[in-house]
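The values are calculated or read from the model by the stated rules, or taken from the named source; none is laboratory data. As the structure is a prediction and not an experimental result, all values here were calculated from the model. Cβ sites come from the backbone with ideal geometry, for glycine too, and all protein chains shown count toward neighbours. Protein only, heavy atoms only, side chains kept; ligands, DNA and RNA dropped before computing areas. Shrake-Rupley method; radii C 1.70, N 1.55, O 1.52, S 1.80 Å.
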2 protein chains.
Amino acid sequence: MKNKPAIILVSPQLGENIGAAARVMLNFGIDDLRLVTPRDGWPNPKAVDMAKGAKKVIENARVFESLADATFDINHLYATTARTRDMIKPTLTAKKTAQDIISHSNSGERSAIMFGPERTGLENEHITLAEAITYIPVAPEYTSLNLAQAVSITCYEWFSAGDDTPEQIVDIGNLKQASKEELAHLFKHLESELDNTDFFKLPDKRPKMVNNIRNIFSRANLTDQEVRTLRGIIRSLVTKH
Amino acid sequence: MKNKPAIILVSPQLGENIGAAARVMLNFGIDDLRLVTPRDGWPNPKAVDMAKGAKKVIENARVFESLADATFDINHLYATTARTRDMIKPTLTAKKTAQDIISHSNSGERSAIMFGPERTGLENEHITLAEAITYIPVAPEYTSLNLAQAVSITCYEWFSAGDDTPEQIVDIGNLKQASKEELAHLFKHLESELDNTDFFKLPDKRPKMVNNIRNIFSRANLTDQEVRTLRGIIRSLVTKH
């Protein structure tokens, strides 16, 4: 198993945000939550409430007196901040941070991403201890990202970086994609009934109209069942007619 | 200006989640919020509280009686759902959805992403009206994503797809990266003082130790100011010695 990153909340203020962060951590497969001097003490019932199905992340959260204590086993520390700091340190996007964390993990090294208190963000004395700043690209119009949302994006990027979900799938279950022969029968059936009902009024327009109609159904990637349904529809309409 | 996607919340239950969704929409530059039959009516003071600096998204939100009404001007509709549905429809990741929305926008077409109520998610009758399902990859251990977090990820992917933030930057402000000559002087200074204090006890180990020390400072990408600081440190240590 790869080393997952730890999430460190430095002086978080609201239990609700700690709970929401725990929940979304587990959504993205991360469960090592560390708290440095949470404002309202610990444990915090509001954190438990908001964590919903991720209560174990809250129960297993560790509380530390200082950032140095909280990072005792961490090789790579990232400081999440929205503001540009007057500090000489690489600034990485959340996506690049995730890639670096996975690469460190492949070398057997442990990483942590830290977040500051809601109102002020991380202090410079904390950022100094990080090897890089992690930046979540936001719209300049409104850059104030909720704490749990910031945790969410960074955890999402970490999970996505190691995830092989195909970007697009079409699952037709036990059904079969219609064969081109079945489609050809459908087209022949439909066009012959349209000829019968004089749908193609102008013979020289017929080829173009036929192409347009065939395109509609070709584009739809029909299953064999759907082809049968459409042929039933045609039969039904013809009968009523 | 490109067409931004609309966010449609179908029968949302908690005002807090509507407010949190509005806030994170604006974080990622999206402001067209549409509500279909919100459970607790509208306006909802809890939504305003949670929206923080994004109150205008709440104030400008439009309420509709049906999904059909809410999508009156939408060309491409995406249904966000965690569960696999027994439905023959393409399933796209949030990232692929974002890319498709931008591509539609480049053709002048409008897209919307819809989300179901917290407890149950979207009904099949709503999903049927979408051209594709949008899927946020989550850990199988705990797949229940909070509504506002789901809105967050999809909006983040849309913003990121159109964002050109470099994945890594180092901003040294008005300072200058140290020249290789300044570094060479630093190395010479340090190594000569180390020779004076007999740091390199074994002469045949000296070349390797020198290389290791030079690597430490080469890796640090020092500014010219930092080189001066380090040379001051060496002078200071030598004096005390």
Exercise. With (1) open to solvent by less than 80 Å² (accessible area, probe 1.4 Å); (2) more than 35 Å from the chain's Cα centre (by Cα); (3) hydroxyl-bearing (Ser, Thr, Tyr) as the list, and A:Thr239 as the residue in question, which single condition is left unmet?
Worked result: (1)
For this session: Test each condition in (1) within 11 Å of chain B (Cβ to nearest Cβ); (2) without any contact (Cβ under 8 Å) to a residue 24 or more places away in the chain for A:Phe72 and report the one that comes out false.
Result: (1)
Seminar exercise, completed: For B:Ala68, the lone unmet condition from (1) in a loop (DSSP other than H, G, I, E, B); (2) in the same structural domain as B:Leu35 (by TED's automatic domain parsing) is (1)
Problem set entry | Matching residues in region B:32-57 - criterion: being open to solvent by 70 Å² or more (accessible area, probe 1.4 Å) and either over 24 Å from B:Gly121 (Cβ atoms) or modelled with pLDDT under 95 (or both) | B:Pro43, B:Pro45, B:Asp49, B:Lys52, B:Lys55, B:Lys56
For this session: Specify the residue that is modelled with the lowest pLDDT; the eligible residues are those in region B:71-102 that are part of a loop (DSSP other than H, G, I, E, B) and in contact with a helix residue (DSSP H, G or I) (Cβ under 7 Å, 6 or more places away or on another chain).
Result: B:Arg85
Exercise. Which one of these is assigned to a strand (DSSP E or B) and in the same structural domain as A:Ala98 (by TED's automatic domain parsing): A:Val57, A:Val24, A:Val63?
Worked result: A:Val63
Exercise. Surrounded by 20 or more Cβ atoms within 10 Å (Cβ to Cβ), within 14 Å of chain A (Cβ to nearest Cβ) and out of contact with any Pro (no Cβ under 9 Å at 6 or more places or on another chain) - does that describe any residue in region B:101-122?
Worked result: no
Exercise. So, in region B:136-179, of the ones that are under 14 Å from the mean Cα position of the chain (by Cα) and acidic (Asp, Glu), which residue ends up surrounded by the fewest Cβ atoms within 10 Å (Cβ to Cβ)?
Worked result: B:Asp164
Exercise. Does A:Gly173 satisfy the condition of being of a type in the set (Gly, Ala, Ser) and at pLDDT below 95?
Worked result: yes
Exercise. Is it true that some residue in region B:1-16 is more than 14 Å from every other protein chain (Cβ to nearest Cβ), over 22 Å from A:Asn146 (Cβ atoms) and buried (at least 22 other Cβ atoms within 10 Å of the Cβ)?
Worked result: yes
Problem set entry | Those residues of region B:209-229 which are more than 13 Å from every other protein chain (Cβ to nearest Cβ), surrounded by 15 or more Cβ atoms within 10 Å (Cβ to Cβ) and of a type in the set (D, E, K, R), in sequence order | B:Arg214
Seminar exercise, completed: Note on region A:123-140: residues more than 7 Å from chain B (Cβ to nearest Cβ), part of a loop (DSSP other than H, G, I, E, B) and not β-branched (Val, Ile, Thr) are A:Glu123, A:Leu129, A:Ala130, A:Glu131, A:Pro140
